[in-house]
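To keep things clear, I will list the structure first and then write my remarks on it.
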Amino acid sequence: MVAPAVVSVVQVAPEPVTVVDELPGRVVAYRIAEIRAQVGGIVQRRLFEQGSEVRAGQALFQINPAPFRAEANIAAATLQRSQAALGRARVQTRRLEPLLGADAISRQAYDDAVTARDQAAADVAQGRAMLERRQLDLGFATIRSPISGRIDQAVLTEGALVGVGDASPLATVQQIDRVYIDVRQPASRLTRLRALARNGTGQGASVEILPPEGSAHPIRGTLLFSGISVDPGTGASVVRVEVQNTGRVLLPGMFVRARLPRETRSNALLVPLQAVQRDGNGGAWIDIVDARKKAARRSVKTGAEIDGRVIVEQGLKPGESVIVEGQDRVQPGAAVRAMPWRGERPGPGRR
């Protein structure tokens, strides 16, 4: 009597899974600030190391402040002269008021004094505004970073002449402690993303990021449903993922791969990929061990692959034992001796 063939089996049970799409994406800085001059002049000093981290408000360039300091001093002197003239006009008006009441001067003379006083007050206001403007220009001579982040190489060096209307920025600061990843996918999948958002699993869903070398990135991103747009040129939708970029691993412009959620299932049936056999027409089948401990063949319909396993859409019931190894040693209806499959069982994965 021939001994039953030994086969390795797994008993399938419903489990929750998330089906994902692995798509290319490009890293974009969270914030970008172009450093430009607000006043023209000669650059005296560069106050940062290229490629270093800078703080918001940190001085980056020093333009020669001497001309602006001189203009501020001129404006201050002009303001003092205007204030002196205003004081004299006020005294003159107060002196003429009793004389007007005694008919010692004409009404015209008094009105002229009031007009001169008001003009002097306007000159003082103009002088204050001019002084404030000159002080602003003096402050602009020190160019500061508007944001915290990493600064790239400087375009200009000491001795260069800069102007307000220059086409190129002096440098660029990019905030990369967190970054965006723009992922392109067919616009037809927007409906599925919107459905996930309505179910509470789209907006804020976790997204796995794979750097160019292919290993899984330790930091996971968050899907921003509000960041979805459609490229009018290609018709592809652009989905934005936000990532906390600890260690500055991801750099702007870098291409990565993102695993976006496509759908979630609460009771999917999954079997190892090697358990599924296919014919020349693309049809799929699996071998199971039935209640009589005999091999039986089932035609199945498969779905997404998830970390070495595949979802069986039709043809399999919960609790059935699927042959993973040893199918080549048995025929349908043959008696078998089932042993638990000892292969590694991957954790919940992404397609």
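Checking the range 117-138 against the condition returns a match, with at least one residue being within 42 Å of the chain's Cα centre (by Cα) and polar (S, T, N, Q).
Looking only at the range 263-289, residues that are outside any strand (DSSP E or B) and in contact (Cβ under 8 Å) with a residue 24 or more places away in the chain come to 5 in all.
Once the range 241-252 is narrowed to residues that are closer than 17 Å to residue 210 by Cβ and outside any loop (DSSP other than H, G, I, E, B), the residue that is nearest to the chain's Cα centre (by Cα) is 242.
Considering only residues of the range 306-326 that are assigned to a loop (DSSP other than H, G, I, E, B) and within 45 Å of the chain's Cα centre (by Cα), which is nearest to residue 283 (Cα to Cα)? For the range 306-326, the residue satisfying everything is 315. Considering the range 105-120 alone, what residues qualify as being modelled with pLDDT of 95 or more and either polar (S, T, N, Q) or farther than 14 Å from residue 92 by Cα (or both)? Residues satisfying the conditions are 115, 119.
Among the residues examined, residue 87 does not qualify as under 30 Å from residue 57 (Cβ atoms), within 60 Å of the chain's Cα centre (by Cα) and part of a helix (DSSP H, G or I).
Note on the range 293-320: residues that are touching a residue at least 60 places away in the same chain (Cβ under 8 Å) and surrounded by 16 or more Cβ atoms within 10 Å (Cβ to Cβ) amount to 8. Could you please find all residues in the range 46-68 being surrounded by 15 or more Cβ atoms within 10 Å (Cβ to Cβ) and in a helix (DSSP H, G or I)? Listed by number, the residues that qualify are 67, 68.
As for the range 101-109, it holds at least one residue that is polar (S, T, N, Q) and either surrounded by fewer than 13 Cβ atoms within 10 Å (Cβ to Cβ) or not in a strand (DSSP E or B) (or both).
Only one of the listed residues (53, 22, 71) is among the acidic types (Asp, Glu), more than 30 Å from the chain's Cα centre (by Cα) and either more than 21 Å from residue 138 (Cα to Cα) or not assigned by TED's automatic domain parsing to the domain that holds residue 184 (or both). That residue is 71. If you go through the range 134-161 and keep only what is charged (D, E, K, R) and either loosely packed, with under 13 Cβ neighbours inside 10 Å or touching a Ser or Thr at 6+ places or on another chain (Cβ under 8 Å) (or both), you end up with 150, 152, 158. When the range 1-19 is limited to residues that are part of a strand (DSSP E or B) and closer than 30 Å to residue 205 by Cα, the one that is farthest from the chain's Cα centre (by Cα) turns out to be 15.
From the list 43, 39, the lone residue that is farther than 25 Å from residue 125 by Cα and either surrounded by 13 or more Cβ atoms within 10 Å (Cβ to Cβ) or under 25 Å from the mean Cα position of the chain (by Cα) (or both) is 43. Residues that are on the phi > 0 side of the Ramachandran plot and modelled with pLDDT under 90 within the range 316-351 comprise 326, 333, listed in sequence order.
The values are calculated or read from the model by the stated rules, or taken from the named source; none is laboratory data. Predicted model only: the values in this text are computed from it and were never measured. Note that we place each Cβ from the backbone using ideal geometry, even for glycine, and neighbour counts take in every protein chain shown.
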